[in-house]
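Below is one structure, written out as structure tokens; the observations come after it.
The values are calculated or read from the model by the stated rules, or taken from the named source; none is laboratory data. A quick note: this is a predicted structure, and the numbers were derived from the prediction, not measured. Glycine also receives a Cβ, built like all others from the backbone with ideal geometry; neighbour counts cover every protein chain displayed. Please note that ligands, DNA and RNA were not included when accessible areas were found on the heavy atoms of the full protein model with its side chains. Shrake-Rupley method; radii C 1.70, N 1.55, O 1.52, S 1.80 Å.
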Amino acid sequence: MNGKVNALWDAEHPVVLCPHPCFLGPGQPCDCLPPLRAAAEQLRQKDLRISQLQADLRRPPPAPAQPPEPEALPTIYVVTPTYARLVQKAELVRLSQTLSLVPRLHWLLVEDAEGPTPLVSGLLAASGLLFTHLAVLTPKAQRLREGEPGWVRPRGVEQRNRALDWLRSGGGAVGGEKDPPPPGTRGVVYFADDDNTYSRELFEEMRWTRGVSVWPVGLVGGLRFEGPRVQDGRVVGFHTAWEPNRPFPVDMAGFAVALSLLLAKPNARFDATAPRGHLESSLLSHLVDPKDLEPRAANCTRVLVWHTRTEKPKMKQEEQLQRQGRGSDPAVEV
């Protein structure tokens, strides 16, 4: 029989009978029963597993997990002060196109002007974003004088405070949504200057802020980045080179505040008289203790916003052509 066991099953007794002469003898119970049963069980299990895998291959793949509907997300209120300059439109176009990638976002654009300008009004109308257009002029005493470096006086203070006023009580909008968020609205407020560079990921990091969330900012303070130092999920200090003993040594782009917290603290505002570098602290000191800050961006190990600046254009050729009466057409908006 070619050395193979011809195992026969007794119909009345579940005993393997082996006729092979090398065993106990024809018709006698075979002592190879346990290994035969083990081998048979292994084959049965393999066949069962193959059948399961074949069934899995025929089964349609599960539907991917669906992200929350936009209506279920907290709204991100992005506050952006802006002022007239040659690169203003370029900066706002770049920022608006980043913001357009973020669901459930409301842009509060605040001009440093007596009223709305056609350039900004037209850009907002074409942006496709949900927006509120505000305007307030910086008082003369707070404005930079000719030749002064930008760090001498805090900028955008009146504009950011105007946005806070609108969030708390509404009124004064010159375009877009006129009414502030109704009571109980879930949201977060972020102060985004028009010359920074923002990753879309940053906005999802801040969306579920409960109090004040924080993260690093790249290319700021003379460093590769500034930001909180985190240990065991809590902020224990700050990586900064300039005046590290400030109450909150963070950049304006490095934090977001829950809307509910801002509404619960009506006196929390930016102080135009704050010393250099203390503008952020003038607001945050009314809202939270440093130990209660919420680290984001992988415990503040990822940079998702950069303090970039557009180079001021050199207009020597333009000025020369203007003196010759051949300057660029002022009707063409840049």
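Structure above, values below:
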quantity	calculated
Selection status of Ala274, touching a Ser or Thr at 6+ places or on another chain (Cβ under 8 Å) and part of a loop (DSSP other than H, G, I, E, B)	yes
Residue satisfying all of: in segment 206-217; under 17 Å from Val79 (Cα atoms) and not hydroxyl-bearing (Ser, Thr, Tyr); surrounded by the most Cβ atoms within 10 Å (Cβ to Cβ) among these	Val214
Matching entry among Ala72, Ala135, Ala125 (being free of Cβ contacts under 8 Å to residues at least 12 places away in the same chain and either open to solvent by less than 40 Å² (accessible area, probe 1.4 Å) or under 25 Å from the mean Cα position of the chain (by Cα) (or both))	Ala72
Which listed residue is of a type in the set (A, V, I, L, M, F, W, C), in contact (Cβ under 8 Å) with a residue 40 or more places away in the chain and more than 21 Å from Thr185 (Cα to Cα), from Ala253, Ala258	Ala253
Among (1) under 21 Å from Arg309 (Cα atoms); (2) free of Cβ contacts under 8 Å to residues at least 12 places away in the same chain; (3) open to solvent by less than 50 Å² (accessible area, probe 1.4 Å) - the single one Gly237 does not satisfy	(1)
Hits in segment 138-167 - residues which are in contact with a Pro (Cβ under 6 Å, 6 or more places away or on another chain) and either β-branched (Val, Ile, Thr) or surrounded by fewer than 17 Cβ atoms within 10 Å (Cβ to Cβ) (or both)	none
Filtered residue count, segment 103-135, keeping only those that are closer than 20 Å to His307 by Cβ and out of contact with any Leu (no Cβ under 9 Å at 6 or more places or on another chain)	0
Any hit, segment 205-222, residues being of a type in the set (A, V, I, L, M, F, W, C) and more than 30 Å from Asn299 (Cα to Cα)	no
Leu164 vs. criteria within 22 Å of His278 (Cα to Cα), touching a Leu at 6+ places or on another chain (Cβ under 9 Å) and among the hydrophobic types (A, V, I, L, M, F, W, C)	yes
Residue match in segment 88-104 (condition: among the β-branched types (Val, Ile, Thr), touching a residue at least 40 places away in the same chain (Cβ under 8 Å), surrounded by 13 or more Cβ atoms within 10 Å (Cβ to Cβ) and closer than 22 Å to Tyr190 by Cα)	yes
Selected residue [out of contact with any Pro (no Cβ under 7 Å at 6 or more places or on another chain), part of a helix (DSSP H, G or I), open to solvent by less than 30 Å² (accessible area, probe 1.4 Å) and more than 28 Å from Ala84 (Cα to Cα)] from Leu262, Leu287, Leu283	Leu262
Options Val250, Val220, Val174; residue that is open to solvent by less than 20 Å² (accessible area, probe 1.4 Å) and closer than 24 Å to Pro266 by Cα	Val250
Ala84, sole failed condition from (1) crowded, with 18+ Cβ neighbours inside 10 Å; (2) in a loop (DSSP other than H, G, I, E, B); (3) at pLDDT 95 or above	(1)
Within segment 305-321, considering residues that are surrounded by 13 or more Cβ atoms within 10 Å (Cβ to Cβ) and among the polar types (S, T, N, Q), the one modelled with the lowest pLDDT	Thr310
Failed condition for Phe191, given (1) aromatic (Phe, Trp, Tyr); (2) under 15 Å from the mean Cα position of the chain (by Cα); (3) more than 21 Å from Thr132 (Cα to Cα)	(3)
